[in-house]
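> Before I ask anything, let me first share the structure, which is written out below as structure tokens.
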Amino acid sequence: MIVEVVRSGFVESTHQVRMLTVDAAGRPVEAKGAVHVPASPRSSMKPLQALGMLRSGLELEGELLALACASHSGEPFHVDGVRKILAGAGLEESALQCPEDYPFDRSVTESGRVYMNCSGKHAAMLATCVLNDWPTESYLEPRHPLQRAIRETVEDLTGERVAASGVDGCGAPLFFVSMLGVTKAFRAFPMSSPDSYERKIFEAMSTYPEWTSGTDRPEAKLMRALPGLMLKAGAEAFDAFVFEDGRAGTVKIEDGSQRARVPATVVALRSLGLDAPELAELAAPPVLGGGRPVGELRFR
């Protein structure tokens, strides 16, 4: 599938899309591109990382659990939540090993590790280490007990051996698996028993979408427009989602363009009959010239 960026009638850019969607029974509905080869899901794996932490004894609920799965915008409530997770483990912000960064929220001018979009995950990782009496200074090392537990969880839910591993932008280990595996893993969250850790994560993320991204982020807008949807974006234009009945999918823009990611995800959702009026704007962001629309994004 190709996304074309049309400006003043001229095709200015093109973006190639890999996409996989499955119905409530897990049967393929759309499969475009090499969905069976290893991909880099980036932050779309955070729900699986959080599951590894819950399986290791971490106790988080509601908004704070959603924050542990988040690529947050650094809004005040996000930062307060990260500090609350750290304080609950008796730790200071200096224990965080994610890079210092400015927040996605442009109204916030402060910077630091706690503002970095992955700080909720890192705070939860540290809290898991404290609970298990694991070393905190090396919690990002691939051979650390925490990271081994997370890798086992990834392989359990995807049904795949990790094809390769690397380092994510936040410094945590990154596991490469196929889009087939990620889609299978996401289906496990709403389809598990009501008292399971998987269901606990699904309920937290779908109930508190602002905590998983940000108040005005497209991920939160999609989840608010489609109650019962859990969606997690990853860097380099990866999206993974699942609806409460098991309909699920993954999207990867081959060149990493964020411009094409959300419109392609709307196409994926619509292929499963998931639609709402609020999705129209996200499906077709305007191409502007001089502050006015002069083109469009279109699919072929």
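> Taking every pair of distinct Cα atoms and averaging 1/r, then inverting, what Kirkwood hydrodynamic radius in Å comes out for the range 222-300?
13.3 Å
> Further, regarding this structure: Given the options Ala185, Ala260, Ala25, which has the most mean-square fluctuation in a GNM of the chain, springs set between C-alpha atoms less than 10 angstrom apart?
Ala25
> Would you kindly find the accessible area of Leu180, with a 1.4 Å probe and non-protein molecules such as ligands, DNA and RNA excluded, rounding to the nearest 10 Å²?
80 Å²
> Of the options Phe176, Phe10, Ser119, report the single residue whose Cα projects farthest towards the positive end of the charge dipole of the chain (beta-carbon charges: Lys, Arg +1; Asp, Glu -1).
Farthest towards the positive pole: Phe10.
> For the range 173-239, what is the accessible area per residue in Å², given a 1.4 Å probe and the full set of protein chains?
It amounts to 33 Å² per residue over the range 173-239.
> What whole-number value in cubic angstrom gives the convex hull volume per residue for the C-alpha atoms of the range 98-195?
140 Å³
> May I pose another question? Just want to confirm a number: the relative contact order over the range 153-226, from Cα pairs under 8 angstrom separated by 6+ residues, in percent.
18 percent.
> Is there a pair in Lys121/Lys221; Lys32/Lys232; Lys46/Lys184; Lys200/Lys232; Lys32/Lys221 whose C-alpha atoms are over 18 Å apart, and which pairs would that be?
Lys121/Lys221; Lys32/Lys232; Lys32/Lys221
> Taking the chain as a Gaussian network, Cα atoms linked when under 10 Å apart, which of Gly171, Gly256, Gly289 shows the biggest mean-square fluctuation?
Top of the fluctuation ranking is Gly289.
> What would the Debye formula give as log10 I(q)/I(0) at q = 0.15, 0.17, 0.20, 0.29 Å⁻¹ for the alpha-carbon point model of the range 20-82, no solvent?
Log10 of I(q)/I(0), two decimals: -0.69, -0.80, -0.90, -1.18.
> On to the next question. In bins 10 Å wide, starting from 0, what share of all Cα pairs of the chain does each bin hold, as a percent?
Here the calculated profile for the chain is 7, 29, 36, 21, 6, 1, 0.
> Taking a 1.4 Å probe, which of Ser43, Ser94 shows the most accessible area, and what order do the others take after it?
Largest accessible area first, the residues go Ser94, Ser43.
> Give me the distance between the Cα centres of the range 122-185 and the range 228-293, rounded to whole Å.
With the range 122-185 and the range 228-293 each reduced to a Cα centre, they are spaced 26 Å.
> May I ask which residue of Gly214, Val82, Gln258 lies farthest towards the positive end of the charge dipole of the chain, with charges of +1 (Lys, Arg) and -1 (Asp, Glu) on Cβ and the Cα centre as origin?
Gln258
> Mind telling me which of Phe243, Phe77, Phe189 comes out most flexible in a GNM of the chain, alpha-carbon contacts under 10 Å?
Phe77
> Moving to a separate point now. What is the extension gain from Tyr102 to Ser8, computed as 0.36 nm multiplied by their sequence separation minus the C-alpha to C-alpha distance, in nm to one decimal?
30.3 nm
> Give me the number: length gained by fully extending Arg298 to Ala87, i.e. 0.36 nm times residue separation minus the C-alpha to C-alpha distance, one decimal in nm.
Full extension from Arg298 to Ala87 adds 71.2 nm.
> Percent relative contact order of the range 1-151, based on C-alpha pairs within less than 8 angstrom and at least six residues apart?
Taking the mean separation of contacting Cα pairs over the length of the range 1-151, I get 20 percent.
> Okay, next question. For the range 1-144, just the Cα atoms, rotate onto the principal axes and tell me the three extents in Å, largest first.
That works out to 57, 41, 29 Å along the principal axes.
> Oh, and also: Residue separation times 0.36 nm, minus the C-alpha to C-alpha distance between Asp255 and Glu30: what's the value?
Net length gain for the segment: 79.0 nm.
The values are calculated or read from the model by the stated rules, or taken from the named source; none is laboratory data. Because the structure is a prediction, the values reported are computed rather than measured. Heads up, the Cβs are rebuilt from the backbone with ideal geometry, glycines too, and the neighbour counts pull from every protein chain shown. With ligands, DNA and RNA removed, areas are computed over all heavy atoms of the protein, side chains included. Shrake-Rupley method; radii C 1.70, N 1.55, O 1.52, S 1.80 Å.
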